[in-house]
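Have a look at the structure below before the remarks.
The values are calculated or read from the model by the stated rules, or taken from the named source; none is laboratory data. Source: prediction; values computed, not measured. Here the Cβ positions follow ideal geometry from the backbone for every residue, glycine too, while neighbour counts run over all protein chains shown.
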Amino acid sequence: MNKFNVDPQELDEFLKIFAKTTKTFKQQPDAKEGVNIVVAARRSKEGQETVHIVKETGSDCIFVKTDVAKEPSVVACRENNRFIS
C-alpha cells in the first residue's frame, strides 16, 4: 500500500488516465472550451489539488466530496452541484 491506501496497480492506472486527460486539455484548447468538470472523490486534499491542476488548463472545475462506492453519496453529488443536470 501507499499513502493513498490503495492498491499500487489501481493508483498507477488512475495516474495514467489523469495524466492523459490533463495532457489533452493542455494540448487541445478547443477540447476544453465550455467544459465543466466535477471532481468527485472522498479525499478533500487530493480532490482540491486535482481542481487546481484542471483550472490551470483554463477549464472550470469544482470538487464535491463523494464516496463513489455508495449510491446515496453519488446521488447527492449529482443533485447538489451546478455542473450536473
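Can you pull out the residues in region 34-45 that are assigned to a strand (DSSP E or B), more than 22 Å from Glu71 (Cα to Cα) and among the aliphatic types (A, V, I, L, M)? So that I can check it myself, show each step before the final result.
Within region 34-45, the first condition is being assigned to a strand (DSSP E or B), and the residues that meet it are 36-41.
Filter again for more than 22 Å from Glu71 (Cα to Cα), leaving 36.
Within region 34-45, no residue meets the criteria.
Taking the condition of being assigned to a loop (DSSP other than H, G, I, E, B) and within 13 Å of the chain's Cα centre (by Cα), how many residues in region 46-82 meet it? Full working, then the answer.
Narrowing region 46-82 to residues assigned to a loop (DSSP other than H, G, I, E, B): 57-59, 66-70, 80-82.
Pick out the ones that are also within 13 Å of the chain's Cα centre (by Cα) and you get 59, 66-68.
Counting residues in region 46-82 that are assigned to a loop (DSSP other than H, G, I, E, B) and within 13 Å of the chain's Cα centre (by Cα) gives 4.
Answer yes or no as to whether Ser73 is farther than 17 Å from Ile17 by Cβ, modelled with pLDDT of 85 or more and polar (S, T, N, Q).
On the way: farther than 17 Å from Ile17 by Cβ: yes; modelled with pLDDT of 85 or more: yes; polar (S, T, N, Q): yes.
Yes, satisfied.
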Checklist line | Output for region 42-59, where each listed residue is closer than 21 Å to Asn80 by Cα, surrounded by fewer than 15 Cβ atoms within 10 Å (Cβ to Cβ) and either in contact with a helix residue (DSSP H, G or I) (Cβ under 9 Å, 6 or more places away or on another chain) or of a type in the set (Gly, Ala, Ser) (or both) | finding: Arg42, Ser44
